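Taken together, the values in this text are just the output of simple stated rules run on the coordinates, not laboratory data. All values derive from a computational prediction rather than experimental measurement. Here the Cβ is made from the backbone with ideal geometry for all residues, glycine too, and neighbour counts use every protein chain on show.
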Amino acid sequence: MNNIKVFFNNNHLLITNSLPADAASYSRRIEKEEDVFTFRMEPVELFNDQYVGNILVLTPLVEETLESIFDYSKGIVAAGGIVKNEEGKTLIIFRRGYWDLPKGKVEKGEKIINAAQREVEEETGVKIDSLIEEAVITYHCYRLKGKDCIKETHWYHMQAKPGQSSLVPQTEEDIEQALWATNDEIKAIGNKFYPLIWGLLVQELGL
């Protein structure tokens, strides 16, 4: 099954070419080609902070439907890390009332993988020893200063250099805390993560 999940507000849009087992749980289901076409032309729900509910789009044109959202909105590329230390703990940060993972925008002319490492090091003070070059990509729609935006974030698995128990949260980026957490500790605060981040952690850490 080919599918892509796009997050917006605390909801998500699932674009898929095969009906999922939980299809009945979606508040809105789009599968007739004329309705899919209309959605591709103007996916306004994804940028309306009053819209509540998950949306299912059933179409053979999965990639094309995602591309249409980028055509409709301003695309932003970001990068971050799923960082482990020598004890197998994962690096998490607390920012604006939620637990999160370190990430940030890719600067003009910067390689995405380099931006990921830079953002992790800037936001937490952690020095990276190595990273896996294949990224996991997530998508998030939102409004910023009156503009409809879709953020494509590239996440890299990273290994921190040993002996870094003392972390330095980047307070100018509203990061209040950075810490190393076990899987059990992460699961205990699962409802305090953004849905996108929680889904990523469940998938990548096997929670």
Q: Please give every one of the lysines within straight-line cross-link reach of K74, meaning a C-alpha to C-alpha distance under 26 Å, and leave out same-chain neighbours fewer than 8 residues apart.
A: K5, K103, K105, K108, K111, K145, K147, K151
**Q.** Set of aspartates and glutamates near K192 by C-alpha distance (under 13 Å), chain-local residues within fewer than 8 positions excluded
**A.** D100
Q) Two-decimal Rg/Rh of the chain from alpha-carbon positions, Kirkwood Rh? A) 0.99
(Q) Could you work out [θ]222 nm for the chain from helices alone, using -39500 (n - 2.57) per DSSP H run of at least four and dividing by all its residues? Round to the nearest 500 deg cm²/dmol. (A) -7000 deg cm²/dmol
Q) Where the centre of each part is set by its Cα atoms, how far does region 112-172 sit from region 53-106, in angstrom? A) 11 Å
Q. Along the charge dipole of region 3-72, Cβ charges K/R +1 and D/E -1, which of S27, Y72, L46 sits furthest on the positive end?
A. S27
Q: With an 8 Å cut-off on Cα pairs and a minimum separation of 6 or more residues, tell me the relative contact order of the chain in percent.
A: 23 percent
Q. Under a point-charge model restricted to the Cβ atoms of Lys and Arg (+1) and Asp and Glu (-1), what is the dipole moment magnitude of region 61-154 relative to its Cα centre, in debye to the nearest 20?
A. 560 debye
Q | Only Lys, Arg (+1) and Asp, Glu (-1) charged, at Cβ; the chain dipole about Cα centre in debye | A | 300 debye
Q.
Using only the Cα atoms of region 1-59, what semi-axes does the equivalent ellipsoid have when each is the square root of 5 times a gyration tensor eigenvalue? Give whole Å, largest first.
A. 17, 14, 10
